[in-house]
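The values are calculated or read from the model by the stated rules, or taken from the named source; none is laboratory data. Nothing here was measured: the structure is a model prediction, and the numbers come from that model. Ideal geometry is used to build each Cβ from the backbone, glycine not excepted, and the neighbour counts take in all protein chains shown. Each accessible area value is taken on the protein alone, full model and side chains, heavy atoms only, with ligands, DNA and RNA left out. Shrake-Rupley method; radii C 1.70, N 1.55, O 1.52, S 1.80 Å.
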There are 2 protein chains.
Amino acid sequence: MRLALAAAAALALSSCATAPAADAPASAPKTMAEIIAASSAAEWRPLDLPNTLVMTLSGGRTAVIELNPTFAPKTTTNILILARQRYFDGLAIVRVQDNFVTQWGDPDGETDHPKSLGAASAKIPAEFFRDRVASPFVKLPDGDGFAPEVGFVGGFPVARNGQSAWLTHCYGMVGAGRNNDPDSGPGNELYVVIGHAPRQLDRNITLVGRVVQGMEHLSALPRGTGPLGFYEQPSQRTAIESVRVAADLPQGGAAGKLEALSTTSASFTAIIEARRNRRDDWYKQPAGHIDLCSVPLPVRTKS
Amino acid sequence: MRLALAAAAALALSSCATAPAADAPASAPKTMAEIIAASSAAEWRPLDLPNTLVMTLSGGRTAVIELNPTFAPKTTTNILILARQRYFDGLAIVRVQDNFVTQWGDPDGETDHPKSLGAASAKIPAEFFRDRVASPFVKLPDGDGFAPEVGFVGGFPVARNGQSAWLTHCYGMVGAGRNNDPDSGPGNELYVVIGHAPRQLDRNITLVGRVVQGMEHLSALPRGTGPLGFYEQPSQRTAIESVRVAADLPQGGAAGKLEALSTTSASFTAIIEARRNRRDDWYKQPAGHIDLCSVPLPVRTKS
């Protein structure tokens, strides 16, 4: 007997999903798949191609990363300069720490012959949080131990208090590694969260984007065996073939084919509720709660 | 320049760590590494070898899994019967769904020629939660959106309300896959959490243990491309060479060398506080909070 653990139905990425029958009871509980199938085209947005990176690893594995100029404008700009200089081409994934982060950059960064940052800045002021005016803020109904309010702004998970708002360290979020100085993370060394949300990093380091496709190429890499998960041998690293700005590629490259469900859409709000209380034949005890980092941010291939 | 993102210092597994200098101020904040270095031998416990599995994957990769007869007695017993029959030997990892679970069992389980369960039961009553009497309960100071109280019992993360207590779906926790019937998970198909804690599964499926060593051999496997992350081709599966009860191996095999920090120890309580508010040169804004699934459960090799 094959046991299914049918708990997390994969998001259907098909562009030809069928809407529920029109005579279905309007009050029937809906699953995420049903909500997506019934969503309107206007609820989906293209990726922000001028602020999106297409990263190609050795073997042609591709990850699409949407940057966030609303929360990290200076870091975003610096990364775009670096990408256009082809700074990342030929660099490598240098660190994979289990249940924490995958990190990439210049393996020679701490030697006396680092790759030149060219026209990019070597220091960028910390963008750990911004002022509270970051609306529209789609607030989760549930509380959060780390902040008075959590929700979504423009497709990203966000926390806020009375004064400020900040991106949060959910699975797939991308940040700019730094040393002890707050301004020491110019975006030439990036990391992505590959485990349980390390929310203690919130407001301590600049988050600058999220992986919207190809996360599995970053999360399933061999873990490094050196301190902090750094690889001990150069041969263990995964090479970066290229990092390009999507808007510079024909039709946006891999990013041009994607669209994301708007976090201000009615369907997104419906998904939050459907995931707070799962109602299907498998679930016996709906949770009545959802963690900010468990809310799915649906992405699909355009029809 | 190599940027360190020094936020999560790896747990020092060395058995010869040096205690802090005796003239250090008694009130100085301590990091987890410092607390472990200063812990007493009596604060560490051996693994529960009669209820611990040593799973060896192809290539000799080994994972150690401590089962939990306090919360899942019938499922634990059934798994031990299966292991002693060598039921798992020659089976495979059949599913890896990114940010969710890795699952193993009989690839032919749903065909008409499944591997025999022998003396083990095909149905086990659901052990989704138990009565509240599961003490000593080391309670976290912080709230949790999914339960009135969360903390630790005997080395495992636990939630409870006024009536009952249950294991929680943190990274590395192992459960017994099931179909729609609550009693359809006898432990012949197991999964481990490899992503952000899917706490919505709590009280919906029997959790029966946790991976205490070798998690990286289960979390870094290629993701399956079929529905729910099942592998589409048999060749993509990772073979299981053997699953043994640690107590049946000479000196407990890989499990016999390990010891875990007792969750009732003063050092464990100190670690919780050190992780709620990290105080070192890197952190600028202590979180003042910790998520149940972010509390480390230290394991080390015996000296």
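The rows are residues; the columns are (1) more than 18 Å from the chain's Cα centre (by Cα); (2) within 11 Å of chain A (Cβ to nearest Cβ).
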| residue | (1), (2) |
| --- | --- |
| B:211 | no, yes |
| B:220 | no, yes |
| B:239 | yes, no |
| B:243 | no, no |
| B:254 | no, no |
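Suppose we keep only residues that are small (Gly, Ala, Ser) and either within 14 Å of chain B (Cβ to nearest Cβ) or part of a loop (DSSP other than H, G, I, E, B) (or both) within the range A:65-95. Which one would you say is most open to solvent (accessible area, probe 1.4 Å)? Selected residue: A:90. Going through (1) within 24 Å of residue B:80 (Cβ to Cβ); (2) assigned to a strand (DSSP E or B); (3) not basic (Lys, Arg) one by one, residue B:121 falls short only on (2). What number of residues within the range A:145-164 are touching a residue at least 24 places away in the same chain (Cβ under 8 Å), touching a helix residue (DSSP H, G or I) at 6+ places or on another chain (Cβ under 9 Å) and open to solvent by 30 Å² or more (accessible area, probe 1.4 Å)? The total comes to 1. Here residue A:188 does not fit the description of being over 14 Å from the mean Cα position of the chain (by Cα), within 24 Å of residue A:128 (Cα to Cα), among the polar types (S, T, N, Q) and facing chain B (nearest Cβ under 7 Å).
Among the conditions (1) in contact (Cβ under 8 Å) with a residue 12 or more places away in the chain; (2) within 26 Å of residue A:260 (Cα to Cα); (3) within 12 Å of chain B (Cβ to nearest Cβ), residue A:98 misses just one, which is (2). Being without any contact (Cβ under 8 Å) to a residue 24 or more places away in the chain, within 14 Å of chain B (Cβ to nearest Cβ) and open to solvent by 20 Å² or more (accessible area, probe 1.4 Å) is a description that does not apply to residue A:250. What is the number of the single condition among (1) surrounded by 22 or more Cβ atoms within 10 Å (Cβ to Cβ); (2) without any contact (Cβ under 8 Å) to a residue 24 or more places away in the chain; (3) of a type in the set (Gly, Ala, Ser) that residue A:59 does not meet? The one condition residue A:59 does not meet is (1). For the range B:78-89, the criterion of being among the β-branched types (Val, Ile, Thr) and under 18 Å from the mean Cα position of the chain (by Cα) is met by at least one residue. Name the single residue, out of those in the range A:265-303 being within 10 Å of chain B (Cβ to nearest Cβ) and among the aliphatic types (A, V, I, L, M), that is most open to solvent (accessible area, probe 1.4 Å). Checked the range A:265-303; the qualifying residue most open to solvent (accessible area, probe 1.4 Å) is A:287.
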